[in-house]
Amino acid sequence: MREIVLINITGEDRPGLTAAIMGALSQSEVNILDIGQAVIHDTLSFGILVEIPAGSQSADVLKNVLFTGYKLDQQVRFTPVAEQDYHSWVAGQGKSRYIVTLLTRKVSAEQLQRVSAITAKYNLNIDHIDRLSGRMPLDMPADQGKGCIEFSVRGEPGDVDALRAEFLSVAQELNVDIAFQRDSVYRRNRRLAVFDMDSTLIEHEVIDELAIAAGVGEQVAAITERAMQGELDFKASFRERLALLEGLSEDVLEEIAQSLRLTEGAEVLFAELKRLGYKTAILSGGFTYFARHLQDKLGIDYVYANELEIVDGKLTGRAIDPIVDAQRKADLLQELATREGLRLEQTIAVGDGANDLPMLGLAGLGVAFRAKPLVKKSARQAISTLGLDGILYLLGYRDRDGQDQ
């Protein structure tokens, strides 16, 4: 009668250990049903699920493994598995799979407890837990750390909206980000990333900077804030703000362009996206003049923004149509995906304002970045704790992958 046995091996990791254990098993006609290995701080945890066919002497097989483990200073444990339990396990492989990603400045036990408790509450079983971020020095300043833990879970969560709401609540309480997405073939095979510019790629709302130079800063900033919160129609508010800039010298544009600060992680993100073969684009309700400046700096492929009308070296207070509003952003995302021969599932969209929500909802991965509360609540994914390069973690990217040149 055949037997199914789970073999667990733990101890100090060392080269050749896997080969030695497999050598012991290969002395009999043993089939490998499942295998997994993890190493944490040079300590190995190695699991092998084996089928020992009828006619083979299971005692001899397991004795060989035990003796090999002893020689390598490893602890070995055997657990018999009933065939019925094995068949139930196999039947579960058709269940939906999801990825839960925890992003934080410093990983704590409480964060992991809260995340894992929610997954359990919604009948999701954790299959794997991986650290995507690099090893963190003990004396790393609290505001400079970068931690990411990825949970691979399996099951049917039922009320996905309620699950997301609980993750968002915990994220706000603990000052972390928690992303929840279906684990599909597209997650690691996206090829187009589009970005809002103001308060996303840069730490400014450029129209506010222009307004300050024109002496109407407070008036424009108030309108900008209400528009980004979704309280005002974007196109109407845009024209209202722009009209206040009439007469401003175009010489001011270059001064402001040179003073713009990139958002944390922007350069790392674009360098890696380019290395991975992504096409990138700015889809902005801001201005082409500044978007071109960023295009040169970050190596961005496409730019779509609003063109300022300038006559005799001064701003007229008008923009040249078409205005890039919320619907225009979504349409441009669709057009770029079609041009590049991609499905929308292969696209990423990142933005912070209410006028970004249509494109965030259309993209395969829509990320509200350091967004307004309404946008953060409405978007499927949100990042507020880390910089823009935190988006790479949502693709399953590990920090050490950046070292592969």
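Okay, here's what the table says:
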| read-out | value |
| --- | --- |
| Looking only at region 244-274, and only at residues there that are of a type in the set (D, E, K, R) and either in contact (Cβ under 8 Å) with a residue 60 or more places away in the chain or not assigned by the TED database to the domain that holds Asp389 (or both), the one that is farthest from Ile320 (Cα to Cα) | Glu272 |
| Residue that is farthest from Ile52 (Cα to Cα), among those in region 73-86 that are open to solvent by less than 100 Å² (accessible area, probe 1.4 Å) and not aliphatic (A, V, I, L, M) | Gln74 |
| One residue from Lys314, Lys297 being closer than 15 Å to Val206 by Cβ, out of contact with any helix residue (DSSP H, G or I) (no Cβ under 6 Å at 6 or more places or on another chain) and not acidic (Asp, Glu) | Lys297 |
| When residues of region 276-304 are limited to those that are without any contact (Cβ under 8 Å) to a residue 12 or more places away in the chain and of a type in the set (D, E, K, R), the one most open to solvent (accessible area, probe 1.4 Å) | Asp296 |
| From Gln93, Gln57, residue being at pLDDT below 90, over 30 Å from Asp159 (Cβ atoms) and open to solvent by 100 Å² or more (accessible area, probe 1.4 Å) | Gln57 |
| The one condition in (1) outside any helix (DSSP H, G or I); (2) open to solvent by less than 20 Å² (accessible area, probe 1.4 Å) that Leu163 fails to fulfil | (1) |
| Test: residue in region 25-33 that is touching a residue at least 12 places away in the same chain (Cβ under 8 Å), within 33 Å of the chain's Cα centre (by Cα) and surrounded by 15 or more Cβ atoms within 10 Å (Cβ to Cβ) | yes |
| Test result for Ala120, under 30 Å from Val160 (Cα atoms), within 37 Å of the chain's Cα centre (by Cα) and surrounded by fewer than 11 Cβ atoms within 10 Å (Cβ to Cβ) | no |
| Test for Leu138: is it free of Cβ contacts under 8 Å to residues at least 12 places away in the same chain and either surrounded by fewer than 18 Cβ atoms within 10 Å (Cβ to Cβ) or not assigned by the TED database to the domain that holds Thr347 (or both) | yes |
| Cβ-Cβ under 9 Å pairs, at least 6 apart or on other chains, region 41-53 side of a type outside the set (D, E, K, R), far side assigned to a loop (DSSP other than H, G, I, E, B) and surrounded by 19 or more Cβ atoms within 10 Å (Cβ to Cβ) | Val50/Val30; Ile52/Val30; Pro53/Val30 |
| Filter result for the condition that a residue is assigned to a helix (DSSP H, G or I), out of contact with any strand residue (DSSP E or B) (no Cβ under 7 Å at 6 or more places or on another chain) and at pLDDT below 95, over Leu374, Leu357 | Leu374 |
| Scan of region 377-405 for residues that are part of a helix (DSSP H, G or I) and aliphatic (A, V, I, L, M), ordered by number | Leu388, Ile391, Leu392, Leu394 |
| Residue in region 166-175 that is in contact (Cβ under 8 Å) with a residue 60 or more places away in the chain, in the same structural domain as Pro373 (by the TED database), at negative phi and open to solvent by 10 Å² or more (accessible area, probe 1.4 Å) present | no |
| Residue list for region 1-19, filter: under 38 Å from the mean Cα position of the chain (by Cα) and open to solvent by 30 Å² or more (accessible area, probe 1.4 Å) | Leu6, Asn8, Thr10, Glu12, Asp13, Arg14, Pro15, Gly16, Thr18, Ala19 |
| For Gln258: the one exception among (1) part of a helix (DSSP H, G or I); (2) open to solvent by 60 Å² or more (accessible area, probe 1.4 Å); (3) in contact with a Ser or Thr (Cβ under 9 Å, 6 or more places away or on another chain) | (3) |
| For Ile40: the one exception among (1) over 15 Å from Ile129 (Cβ atoms); (2) out of contact with any Lys or Arg (no Cβ under 6 Å at 6 or more places or on another chain); (3) open to solvent by 40 Å² or more (accessible area, probe 1.4 Å) | (1) |
| Checking Gln57 against (1) within 21 Å of Phe151 (Cα to Cα); (2) more than 19 Å from the chain's Cα centre (by Cα), the condition it does not meet | (1) |
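So that you can scan it fast, the table gives a plain yes or no per residue for (1) open to solvent by less than 10 Å² (accessible area, probe 1.4 Å); (2) over 25 Å from Ala162 (Cβ atoms); (3) in the same structural domain as Lys106 (by the TED database):
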residue: Ile310; (1), (2), (3): no, yes, no
residue: Asp331; (1), (2), (3): no, yes, no
residue: Gln346; (1), (2), (3): no, yes, no
residue: Gly366; (1), (2), (3): yes, no, no
residue: Arg380; (1), (2), (3): no, no, no
residue: Gly387; (1), (2), (3): yes, yes, no
residue: Tyr393; (1), (2), (3): yes, no, no
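The values are calculated or read from the model by the stated rules, or taken from the named source; none is laboratory data. All of these numbers come straight from a predicted model, not from anything done at the bench. Backbone-built Cβ (ideal geometry, glycine too); neighbour counts: all protein chains shown. The protein model used for the area step is the full one, side chains on, heavy atoms only, and it has no ligands, DNA or RNA in it. Shrake-Rupley method; radii C 1.70, N 1.55, O 1.52, S 1.80 Å.
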